[in-house]
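Readers should treat all values here as calculations from the given coordinates under stated rules, not as data from a laboratory. For clarity, every value in this text was computed on a predicted model and none was experimentally measured. Cβ: placed from backbone, ideal geometry, glycine included. Neighbour counts: every protein chain shown.
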Amino acid sequence: MTKLSAMTAIVAALACMGGALYWTYGPNSSARVSKASQAVSGSVKPATPDKTSFVASPAPSNVTAPGERPAPGDAATPFRAGEVLEFAADVAKLSNVANLRLEIVERRSFFGKNAWHLQAFARTENPLRMMFELDDQFDSYSDVATLSSLQYEMHLNERGQKQESIQRMSTTDTEPAVPNAIQTRVLPGTRDPLGLMQYLRMVDWQKVHEVRSPVYDGHELYDVRAAYVGTGESIAVPAGTFSASKIDLRVFHDGVEMKDARVTLYLAGNAARTPVLLEAVMPFATARVALVKMK
C-alpha cells in the first residue's frame, strides 16, 4: 500500500474511530487474524438478527477503567435512531478527499439483546478516487446500555476488490457459535470503532475526565484512553460553528502507547453531543474530518 493510498484509507477509517490503526500498522492485513481473537466459524455471510431493531481542568481527573458498564456519569442517551451525520475529510493539503457518513439505523433486538444498529460509509472523491477507489461500509450491533460490541461487520470495496468480515463478539467459551458469522473472543466490555464513537458521546465529561475502553477493530485489540481537555472551544466546520468539548485519544497496543499518531475529537455542547470535528496528526500527514450536515 502506498502512502497516498494509506492516507486515504486512514481518513476513511478515522470516521469509524479506530480503524486508522488497522490501516496504519497493518498494510495488507485484511487476511490477518487478531492475536486477541479466536475464530470458531469460517463463514463470512451476514448473520440474520431478529428484526424489531490530560486534563486541562483545575480539578483532578476522574478515571473510569474499562468494563462492561453504562457510560459513566450519564444515564441518558444523547443520540437517537435515524440520526445521520455527514463528514468531509481533508488530508494534508488535499481537500475533500473522502466523504464519510455515520448513521444510527435503529434500536432493535439482536439475538435476544437490546442493541443499536450503527453504520458508517466511506467513499473517496476525485481526483484522489482516480488513484484509489474506495467504497467501504461498516456495521455495528452494540449493546444499548454499554455500547459493547455484539457484532462488527466490514464490507470493503477498494480498487474493485471486495472483502467481507462479519464477526460475532464472544466473551466466554460457553457461548454457542452463531451461524453465518465468525465468533471472536474479546475482553468483556470491548467496543468496536463505531460503538466507541457513540460511547464517548454518552459520557458526561463535566463529571468524568477520563475513560478507558478495549476496542477491537476487526483485526487487533487496543486499549483506548479518552481524556477531557476542556470545553467552550469555538469550532467552525461546514455544518456551522459550535462550542465544543475537546477530547484527546491515546491508543495502546500490547501495553505500549502508539505515539506516532495523535487523535483529537471535538463534541458539540448541544444535547446530542454531536461529533463535529476529528483531527489526526500522523508521521506523514495530518487529517481533518469535519461535519458537513446532520439530520
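Please give the per residue volume of the convex hull enclosing the alpha carbon atoms of region 221-283, rounded to a whole number of Å³. Write out the running numbers ahead of the final one.
Working: hull volume 6.4 nm³, N = 63.
Residue-normalised Cα hull volume stands at 101 Å³.
Extents of region 100-163, largest first, come to 44, 19, 15 Å (Cα atoms, principal axes, whole angstrom). 3J(HN,Hα) along region 186-191: 9, 6, x, x, 5, 10 Hz, from the Karplus curve 6.51 cos²θ - 1.76 cosθ + 1.60 with θ = phi - 60°, whole Hz, x for Gly and Pro. In terms of packing, defined here as the mean over residues of other Cβ atoms within 10 angstrom, the peptides 126-138, 77-89, 186-198, 254-266 line up highest first as 186-198, 77-89, 126-138, 254-266. In order along region 245-250, phi translates into HN-Hα couplings of 8, 9, 10, 9, 10, 10 Hz, rounded to whole numbers, per the Karplus curve 6.51 cos²θ - 1.76 cosθ + 1.60 with θ = phi - 60° and x for Gly and Pro.
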